[in-house]
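Worksheet: the structure to be examined is printed underneath.
Any read-out appearing in this document is the output of simple, stated calculations on the displayed coordinates, not a laboratory observation. What you are looking at is a predicted structure, and each value in this text was computed from that prediction instead of being measured. Cβ sites come from the backbone with ideal geometry, for glycine too, and all protein chains shown count toward neighbours.
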Amino acid sequence: MIDPNPQALNFLLNRRSRPAKILTSPVPSSIQLEPILRAGLRVPDHGKLEPWRLLVLERLALQRLAKLAKMRGYELKIDEEKITKVYDQFANADLAIAVIEAPVIAKKVPAIEQTYSTGAVCLQLLNAALASGWGANWLSGWASHDRLFVERGLDIAPHERVAGFIHIGTERATPPERPRPDLKEKVIWVSQ
């Protein structure tokens, strides 16, 4: 057995995302962001394929994405409330990391395992930011699934997908705790 780390376990038992709409400046500097990025890429990765990459989006890039999201929302005739929600996600942000799934053709590693690894990057970045004392939130939204938006806005290849945007900043308020899953309803012990 490895040495227990009660502080890490306590962090995981009490961690909670911070809504992106309550995040503001200051945001991590490139030096402060580096260990978060390193931790984010330290995930399960069958075959060491590294089927993901990260785009660190700063304020001007986020403003550009906000305008593109609004334009695409109108072109797609998306409900105004949904357009505004995604627009605000970018327009009001100072820093976000786009996690891009970049699958690798591999005979021994199914594509779904690469998707799971990419999702692990999102959660690892989120937790690393929170553990570093920043507020953080993992968002997606309709724009992240719109090919034209992601290809124009993020210059991603046709075989790539956006797994999420990890927003990081200083929280203006502490969100209330929310109900958590009941182990009795979600866990089944199998002994044979």
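Miscellaneous remarks
- Prolate/oblate/rounded label for the range 1-117 (Cα gyration tensor, a/c 1.5): oblate
- Shape class for the range 93-177, computed from the alpha carbon gyration tensor (a ≥ b ≥ c): oblate, with a/c not under 1.5 and a/b at or below b/c.
- Remark: relative contact order (the range 18-186) = 35 percent; criterion is Cα-Cα distance under 8 angstrom and separation of 6 or more residues.
- Gyration tensor verdict on the range 41-192 (Cα atoms; rounded if a/c is under 1.5, prolate if a/b is larger than b/c, oblate otherwise): oblate
- Distance between the 7 Å Cα→Cβ label points at Glu177 and Arg147: 4.6 nm.
- Lysine pairs in the range 55-138 with Cα atoms under 23 Å, if 8 or more residues apart or on separate chains: 6
- Mean-position separation - Cα centroids, the range 4-65 and the range 156-186, in angstrom: 11
- By average C-beta atoms within 10 angstrom, highest first, the peptides 31-37, 69-75, 170-176: 69-75, 31-37, 170-176
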